[in-house]
Amino acid sequence: MNSSAASPATMTVVEIPSWGGAELLRSATRPIPTPRGRQLLVEVDAIGVNPVDAKVRAGRYAAAFGEDFPIVLGRDFSGRIAAVGDQVTAWRLGDEVLGTLRMEPRLGCYCSHVLVTDAAMARRPAGVPATTAAALPVAGLTAWQALVECAMVGPGQRVLVHAAAGGVGHLAVQLARYLGAEVIATASARNHDFVRELGAHEVIDYTAVDFETAIDPVDVVIDGVGGEVYDRSLRVLVPGGICVTMPDRPDPAKAEALGVRGVLVFVRPDQVQLEGLAAMVADGRLTVHVDRVVPLADAAEVHREVETGHSRGKQVLLP
Ligand SMILES: NC(=O)c1ccc[n+]([C@@H]2O[C@H](COP(=O)([O-])OP(=O)(O)OC[C@H]3O[C@@H](n4cnc5c(N)ncnc54)[C@H](OP(=O)(O)O)[C@@H]3O)[C@@H](O)[C@H]2O)c1
């Protein structure tokens, strides 16, 4: 194994001792792990927060994670390679990276050093700040996989993006435009200028207007809200249209009964796609809006904000 001689022996983590509320998030000091085999150790520069972090914390995926507490949350990170296992050939010490961990039990990236066993990672392009890079992976990959893999969006199609001011939505608006679509977006009024600047052709204030009656039929809906918004979205689709939803697995029978399709996108770490998205950020085709950058020790505050369901863009923690 190669390792950085200057590495401190301990690291800071933010962990939970059980499933529950944001108040459970607590700082702790742990030994820095040693990567073995194909593992990497990344010294973390920034951590991207996703709603799934709060859902994991609340116990929604308890069956998959087990009860092996304490658990360190977090999937998205940027940083530099600090040590590598003896089978690693693709990465060198000091490489600047961004990445997203697979849903690993126990060892997430709410920490100053993350042991990477299984992740999609890309080199952080020159000129892309660490905070921007950390905010990209899950939201960017979800938007891309929803638009390209699930819906196969192409030029001239009409795409409705719900929650267009959110982490996934603000990237989906830009990527749908990039794919040549006409983009209709939903957001509350305070976010309308923001969403228009991202490239939406039309913005609906969902708090004041029923989108079902306000818009002409669309080919694709990207749904970051779910529930009754998903149900109503099926009714604004052209025959054969598709609603790609994110929060919950939909009942396919509801869509079939209306002659449309309803599918869940379940984001998959994909290195090639992550490299492509990072390149788009580097050359200005895609803008990641980092709304807040706060210390890792204040992760609970960010969880509470994300759990309101009304945060804008992305939130980032600094270890
Ligand atoms: N299945 C997967 O693989 C996957 C991947 C990523 C995310 N997700 C899930 O997808 C959802 C969206 O993720 P995200 O990161 O984009 O969330 P987010 O950043 O928390 O989304 C917040 C945004 O939602 C908007 N919003 C809330 N209620 C709305 C409504 N009724 N109509 C339109 N907009 C509304 C808010 O806009 P206003 O403030 O203007 O109201 C806010 O800007 C979350 O549930 C997340 O867990 C799933």
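Taking first residues from segment 210-233 that are within 18 Å of Arg158 (Cβ to Cβ) and in contact (Cβ under 8 Å) with a residue 24 or more places away in the chain and partners that are away from the ligand (no atom under 13 Å from the Cβ) and of a type in the set (D, E, K, R), the Cβ contacts under 8 Å between residues at least 6 apart in sequence or on separate chains come to Glu212/Arg235; Ile215/Glu202; Asp216/Arg158; Pro217/Arg158; Val218/Arg158; Asp219/Arg158; Val220/Arg158.
Screening Ala255 on (1) under 20 Å from Val168 (Cα atoms); (2) more than 9 Å from the ligand (Cβ to nearest atom); (3) among the aliphatic types (A, V, I, L, M); (4) crowded, with 18+ Cβ neighbours inside 10 Å shows it passes everything except condition (1).
Can you tell me which of Arg190, Arg268, Arg235 is surrounded by fewer than 16 Cβ atoms within 10 Å (Cβ to Cβ), part of a helix (DSSP H, G or I), basic (Lys, Arg) and near the ligand (Cβ under 10 Å from one of its atoms)? After ruling out the rest, the residue left standing is Arg190. Residue check: Glu305 meets all listed conditions (1) away from the ligand (no atom under 13 Å from the Cβ); (2) out of contact with any helix residue (DSSP H, G or I) (no Cβ under 9 Å at 6 or more places or on another chain); (3) farther than 20 Å from Arg124 by Cβ but one, namely (1). Specify which of the listed residues (Gly284, Gly276, Gly226) is at pLDDT 95 or above and in contact with an Asp or Glu (Cβ under 8 Å, 6 or more places away or on another chain). Only one candidate qualifies: Gly226. Please find, within segment 238-252, the residue that is farthest from the chain's Cα centre (by Cα) out of those that are within 16 Å of the ligand (Cβ to nearest atom) and closer than 25 Å to Arg177 by Cα. Residue satisfying both the conditions and the ranking: Ile242. Looking across segment 216-232 at every residue that is within 13 Å of the ligand (Cβ to nearest atom) and assigned to a loop (DSSP other than H, G, I, E, B), the one that is surrounded by the most Cβ atoms within 10 Å (Cβ to Cβ) is identified as Gly224. If you go through segment 277-291 and keep only what is under 14 Å from the mean Cα position of the chain (by Cα) and in a helix (DSSP H, G or I), you end up with Leu277, Ala278. Among the residues in segment 166-182, are any more than 16 Å from the ligand (Cβ to nearest atom) and part of a strand (DSSP E or B)? Yes, segment 166-182 has at least one match.
So which residues in segment 278-308 are without any contact (Cβ under 8 Å) to a residue 24 or more places away in the chain and of a type in the set (Gly, Ala, Ser)? Selection gives Gly284 alone. Quick check on Val306: is it more than 29 Å from Val13 (Cβ to Cβ) and under 14 Å from the mean Cα position of the chain (by Cα)? It is false that Val306 is more than 29 Å from Val13 (Cβ to Cβ) and under 14 Å from the mean Cα position of the chain (by Cα).
The values are calculated or read from the model by the stated rules, or taken from the named source; none is laboratory data. Remember, predicted model here, so these are calculated numbers, not experimental data. Neighbour counts are summed over all protein chains in view; Cβ atoms, including those assigned to glycine, are modelled from backbone coordinates with ideal geometry.
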